[in-house]
Amino acid sequence: MSNNRNLTFVRIASAVLGLAAMLAAAPAATLSGTVRSAAGKPMAGVVVSAQLSGSDMSFSVVSQPGGGYAFPASALPPGAYQMQARAVGYLLSVPTIAVLTAGKPAQANLTLTPTNDLAGQLTSAEWLQSVPGTPEQKEELYHCAACHSLTPVVESQYSAQQWLATLVRMRHYGGESVRTSPIVLPFPMNIKPDPELAAYLASINQGPDSKWNYKTAKLTHFARPTGAATHVLITEYALPAGRLPHDAIVGPGGYIWYNDFQQDLIGRLDPKTGATKEWQLPPLKPGFPAGQLALKFGPDGDLWIPRFRKGGLTRFDPRTQKFTTWVEPAPYNNAHSDTSHVSPCGPNGTVWWPDTENRVMFRLTPSTGKIETFQLFPNYHPTATVDVYGHSLTPTGHRSYGTACDSKGNIYYADIAGGYIGRISARTGQATLYKTPTLDSGPRRMSMDSHDLLWFGENFSSKLGMFNTVTHQFKEYTPPTPWSGDYPAMRDKNGDVWTGGMSTDYVYRLHPATGVFTEYLLPTLNANLRRIYTQDSTTPPTVWVCEVHRGKIASIQALPN
């Protein structure tokens, strides 16, 4: 247990430790089989998962032409595995257990039968393709799907009048809300009724004003993976119950560090065993919503945690397990504070730290506690019109999101509302804005590569963006799947750029030289992906992502074709 009122949670299952010991001593074995339909036809592109008994780890591969699948020999420790399959339109016909013993391969052939509940298998992007509506109506519906599943919308039985009240209530909730745990924003909102959206939602659900019945309509779903997208190993780790992990990053020793969207805690995952250890963050701003969006390691190995709605920044020393917290200065530390991002990469060990809602950037000198303040949008007019989501309706609307530093310590930030990439000079403090080629692109999480190329997800326009910080030129890439909802972007050591779809369950790999995307389908439905992190210490690189709404962390490794 850590000192100074910091609670430590240790969750190491004895079964996992036993299996880890067996793995170290036993020769590698493999698990393989064939996937067929009830009619006996081989099925390619099926995500086949093996859940290890007594563990929170599961492993997934994709079936090949001819229906065959095989796990890499080194991927699975001996044990009993519950087999699962993801193939839209189909279900595993009977429960299947495969037992893998030391040095002995195992086989599990799977049979899939058509499902009677296709609607229960659709992602939000597939619902957007399926429901009727104008492009404008679907665009507004998409902004709901970016953070939440659309399944409850189409399954609801609200009338248009009931939707009016529901929309007002929901717009008082933060983006960290889930159905079982809504979070009320800590400041008053002037929310006006939205009869047009209420009428549209009532027309596509199962209520009295519905004009469309998904139970009888032909629903659209995406094709199963093919080609390079089938050559992948995905490992999922289930976290302790109740967790909503938002970011997962690799730290010293190869441990995976994560935060929680609704709780004031950080955690550490051992990817070899699945064991987790958690620390409660020090108390700050009682009565305000807990949780975090981001965390990053500094060059000295300290972990930096912006405190989101609590107007603070916390540093954690993994060596001593001690926390240090700074609060943002007045007058910005108010009910609207949103300190959700951080970049510990400023000159002389300083840390950049924005307040999204108050539209300022802080630069902290940890050794002295000095905090400098810079305006993110010096010409911003507070009366600029934005919609209920904060999206710009006039050219003067601005709101920052993710951050990243270049090699000179200058800080860059995404203007999610105005569609700009911003830069503050580390030397002069001057802010400069660069307009993205796509209007209302919604740039979000970003990262800087070794060539000072800034990569970012364009969440509103479902594109992946690149900004050359030397030439000030942009380039945009569009994934093949509609409503892809690109949220983050990060480049690996091979030059490929990775992003994730908030509404698709796809992790995308872009080859920039050709513009070709590979789409890897995760095993878990409606995972709700946020930040991507590429781990270059492995070959091939390992990509880490949180399945926010499923309480899991997943790793993705592309396999040779």
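The values are calculated or read from the model by the stated rules, or taken from the named source; none is laboratory data. Everything quoted here is computed from the prediction, not taken from an experiment. With ideal geometry, Cβ positions are generated from the backbone for all residues, glycine too; neighbour counts draw on all protein chains shown.
Some values worked out for this structure:
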| item | result |
| --- | --- |
| Residue list for segment 269-295, filter: under 18 Å from the mean Cα position of the chain (by Cα) and within 20 Å of LEU76 (Cα to Cα) | LEU269 |
| Search result, residues across segment 144-170 that are part of a loop (DSSP other than H, G, I, E, B), at pLDDT 90 or above and of a type outside the set (Phe, Trp, Tyr) | LEU150, SER156, GLN157, SER159 |
| Scan of segment 89-113 for residues that are crowded, with 16+ Cβ neighbours inside 10 Å and within 13 Å of PHE71 (Cα to Cα), ordered by number | ALA98, LEU100, ALA106, ALA108 |
| Matching residues in segment 201-249 - criterion: being closer than 18 Å to ALA558 by Cα, of a type in the set (Val, Ile, Thr) and touching an Asp or Glu at 6+ places or on another chain (Cβ under 9 Å) | none |
| Count - residues of segment 200-227 that are part of a helix (DSSP H, G or I), out of contact with any Pro (no Cβ under 9 Å at 6 or more places or on another chain) and crowded, with 17+ Cβ neighbours inside 10 Å | 2 |
| Filter result (in contact (Cβ under 8 Å) with a residue 60 or more places away in the chain and either out of contact with any Ser or Thr (no Cβ under 7 Å at 6 or more places or on another chain) or on the phi < 0 side of the Ramachandran plot (or both)) within segment 318-333 | PRO318, LYS322, PHE323 |
| Close pairs (7 angstrom Cβ cut-off, 6 or more residues apart or separate chains): assigned by TED's automatic domain parsing to the domain that holds ALA145 in segment 504-533, surrounded by fewer than 23 Cβ atoms within 10 Å (Cβ to Cβ) anywhere | none |
| Residue that is farthest from HIS451 (Cα to Cα), among those in segment 491-503 that are at pLDDT below 95 and not in a strand (DSSP E or B) | SER503 |
| Counted residues, segment 156-174 - those being touching a residue at least 12 places away in the same chain (Cβ under 8 Å) and loosely packed, with under 13 Cβ neighbours inside 10 Å | 1 |
| Top-ranked residue in segment 360-372 [being over 16 Å from SER425 (Cβ atoms) and without any contact (Cβ under 8 Å) to a residue 40 or more places away in the chain; ranked as surrounded by the most Cβ atoms within 10 Å (Cβ to Cβ)] | THR365 |
| Unmet requirement for LEU52, which otherwise passes all of (1) modelled with pLDDT of 95 or more; (2) under 28 Å from the mean Cα position of the chain (by Cα); (3) surrounded by 18 or more Cβ atoms within 10 Å (Cβ to Cβ) | (1) |
| Residues located in segment 313-324, provided they are within 12 Å of GLN292 (Cβ to Cβ) and in contact with a Pro (Cβ under 8 Å, 6 or more places away or on another chain) | LEU313, THR314 |
| ARG530 being modelled with pLDDT under 95 and either touching a Lys or Arg at 6+ places or on another chain (Cβ under 7 Å) or closer than 23 Å to ALA404 by Cβ (or both) | yes |
| Subset of segment 51-73 (residues that are over 14 Å from GLN107 (Cα atoms) and among the hydroxyl-bearing types (Ser, Thr, Tyr)) | SER53, SER55, SER58, SER60 |
| Hits in segment 504-522 (condition: outside any loop (DSSP other than H, G, I, E, B) and of a type in the set (D, E, K, R)) | ARG509, GLU519 |
| Residue within segment 341-359 that is surrounded by fewer than 22 Cβ atoms within 10 Å (Cβ to Cβ), at pLDDT 95 or above, of a type outside the set (Val, Ile, Thr) and touching a Pro at 6+ places or on another chain (Cβ under 7 Å) present | no |
| Residues (in contact with a His (Cβ under 9 Å, 6 or more places away or on another chain), surrounded by 19 or more Cβ atoms within 10 Å (Cβ to Cβ) and more than 24 Å from ARG445 (Cβ to Cβ)) located in segment 127-149 | SER130 |
